[in-house]
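Here, each number is a calculation from the coordinates, and none is a lab measurement. Computed from a prediction, not measured in an experiment: that's the story for all the values here. Cβ atoms come from the backbone with ideal geometry, glycine included; neighbour counts cover every protein chain shown.
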Amino acid sequence: MSPDQAAAYLAEIAYLLRHQGDGHRARAFTRVASLLVRDRPDLEALRKANALESLEGVGSGIARTLAELVDTGRSSYLERLRLDLDKAEHAESAPFELSPLVEMGYRGDLHAHTDWSDGGASVIDMALAAQARGYEYLAITDHSPRITVVNGLGPERLAAQRRLIDQANQELNGVTILQGVEVDINEDGSLDLPDETLAALDIVIASPHVKLRMEPAAMTERMLRAVAHPHVDVIGHPTGRRPGSRAGAQYDFEAVFSCAAERGVVLEIDCDPARMDLSPELARLAASVGCRFSLDSDAHAPDQLLYVDLGIWTARRAGAGQDRIINWLRLAELKEMLE
Ligand SMILES: [Zn+2]
Ligand SMILES: [Zn+2]
């Protein structure tokens with residue numbers, strides 16, 4: 001079993017543990033999954049040498065799971081967790097294959113933060129990390145001004161960031177930085193930046209962050225208005241949920257997703273392990289009404305770009321093929337789509 005395959009199993013275990021409210025153990029599994037993707041250790045050799053526990057963060061429990069994965073290609077722990085969550089749907093699902101993301105055609109991440117807002121790294125460091133992963137492009141999508149704690153960007157700072165990104169693109173080789181924003185969806189469905197500012201960006205992600213507990217009819221209106229906005233390309237983490245700690249917004253998902261499909265607005269599968277939003281179930285609904293998806297890390301640091309490796313199983317579970325995921329587009333195709 002390749003480290004990527006094993007990581008996908010561990011990531012799904014972490015996801016299900018979060019649902020059960022066991023954030024502590026979920027984080028332990030996520031940490032090991034991240035390490036497998038990053039360092040690509042030889043699991044077969046470690047298993048033979050009885051040395052799985054020599055991997056950082058691997059105690060006896062995770063070692064048992066890894067050993068079973070190496071020996072049998074399956075995890076009875078994961079199967080038990082799936083059954084616990086939803087006997088009908090998850091027990092049937094076939095095991096999935098996972099090969100390294102870029103070899104599968106993934107070309108770039110469209111949701112990442114930098115130290116211009118609440119990220120921990122510079123634009124250039126994020127771009128270099130994307131390049132190291134073999135990406136063709138990376139969209140920098142820092143926050144809009146409304147949520148002051150994240151130091152969101154208004155029109156002037158966005159213009160300054162654009163100059164820096166243009167400069168960086170001249171110096172970089174092989175990866176292109178797109179300038180975007182993660183703009184807040186206000187309570188009335190309007191956006192937290194003026195239209196002319198949004199029009200100047202390469203990509204606009206509109207996300208709900210506050211007042212997620214609005215009554216469903218009002219929330220539906222709010223989301224429909226955001227989807228209908230002429231400059232919105234992607235709806236970021238469409239429910240705002242945090243499995244195990246915060247339920248997401250409730251609205252008429254079918255109506256909003258149908259409208260998105262009609263208008264060519266893409267729905268995000270935010271692969272941050274703390275979010276996994278859309279859920280596999282809602283992603284399946286979105287796929288059934290014709291939506292396209294963006295599979296993003298929502299990284300706030302370079303090493304978080306690998307969150308997409310940990311989240312891709314969601315798209316598979318939803319039945320969303322690669323032709324439905326815009327991160328498979330070449331840069332020129334993507335730009336044409338975003339125009
Ligand atoms: Zn967000
Ligand atoms: Zn974000």
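What is the sum of charges, Lys and Arg at +1 and Asp and Glu at -1, for the other residues whose Cβ falls under 12 Å from the Cβ of residue 324?
Values: positive: 284, 292, 316; negative: 323.
Residues near residue 324 contribute +2 overall.
Please report the relative contact order for segment 91-198, taking Cα pairs under 8 Å with a sequence separation of at least 6, and give it as a percent rounded to a whole number. Walk me through the numbers before you get to the answer.
Values: 153 pairs, mean separation 27.4, N = 108.
Value for segment 91-198: 25 percent.
Can you give the charge dipole size of the chain about its Cα centre, rounded to the nearest 20 debye, using +1 on the beta carbon of Lys and Arg and -1 on the beta carbon of Asp and Glu?
On the way: 35 positive and 53 negative charges, 161 e Å.
Dipole about the Cα centre, nearest 20: 780 debye.
I'd like the orientation of helix 155-171 relative to the chain: the angle between its Cα long axis and the longest Cα principal axis, in ° from 0 to 90, rounded to 10.
60
What ranking, highest mean first, results for peptides 18-28, 183-193 when packing means the other Cβ atoms within 10 Å averaged over each residue?
Ranked from most to least packed, the peptides come out as 183-193, 18-28.
Determine the percent antiparallel among the DSSP beta bridges restricted to the chain, to the nearest 5. Provide the component values of the computation, followed by the final result.
Numbers: 3 of 27 bridges.
Here the antiparallel bridges make up roughly 10 percent for the chain.
Using label points projected 7 Å from each Cα along Cα→Cβ, tell me how many nm separate residue 195 and residue 173, to one decimal.
Calculated label separation equals 4.4 nm.
Could you tell me how many degrees, from 0 to 90 and to the nearest 10, lie between the Cα long axis of helix 23-39 and the main elongation axis, the longest principal axis, of the Cα atoms of the chain?
The helix 23-39 is inclined about 90 degrees to the chain.
Using 7 Å Cα-to-Cβ label points, what is the residue 333/residue 53 separation (nm, one decimal)?
For the pair residue 333/residue 53, the computed spacing is 4.8 nm.
Taking K and R as +1 and D and E as -1, what net charge do the other residues with C-beta under 13 Å from the C-beta of residue 179 add up to? Numbers along the way, then the final one.
Details: positive: 157, 162, 163, 335; negative: 142, 166, 182, 202, 233.
Once all neighbours under 13 Å are counted, the net charge is -1.
What nm distance separates the two modelled labels at residue 147 and residue 102, each placed 7 Å from Cα along Cα→Cβ?
2.9
Would you work out which of 124, 227, 43 lies farthest towards the positive end of the dipole of the chain, given +1 charges on the beta-carbon of Lys and Arg and -1 on that of Asp and Glu, about the Cα centre?
The Cα lying farthest towards the positive end belongs to 43.
Take every Cα pair under 8 Å in segment 153-270 that's 6+ residues apart, average their separations, divide by the length, and report that relative contact order as a whole percent. Write down the numbers at each step before the final one.
Details: 179 pairs, mean separation 26.5, N = 118.
That works out to 22 percent.
Would you work out the relative contact order for the chain, in percent, from Cα pairs under 8 angstrom that are 6 or more residues apart? Spell out each step's value before the answer.
Working: 652 pairs, mean separation 56.2, N = 339.
About 17 percent, as a whole number.
Between 0 and 90 degrees, rounded to the nearest ten: what's the tilt of helix 123-132 against the longest Cα principal axis of the chain?
Computed tilt is about 40 degrees.
Taking the highest mean first, how do the peptides 47-57, 229-239, 122-132 order by number of other beta carbon atoms within 10 angstrom per residue? Before the final figure, lay out each step's value.
Values: 47-57: 13.5, 229-239: 23.1, 122-132: 19.6.
Averaged packing, sorted descending, gives the order 229-239, 122-132, 47-57.
Computed FRET efficiency, Cβ-Cβ of residue 188 and residue 60, R0 51 Å: what is it to the nearest 0.05? Working shown, then result.
Details: r = 53 Å, r/R0 = 1.04.
E between residue 188 and residue 60, to the nearest 0.05, is 0.45.
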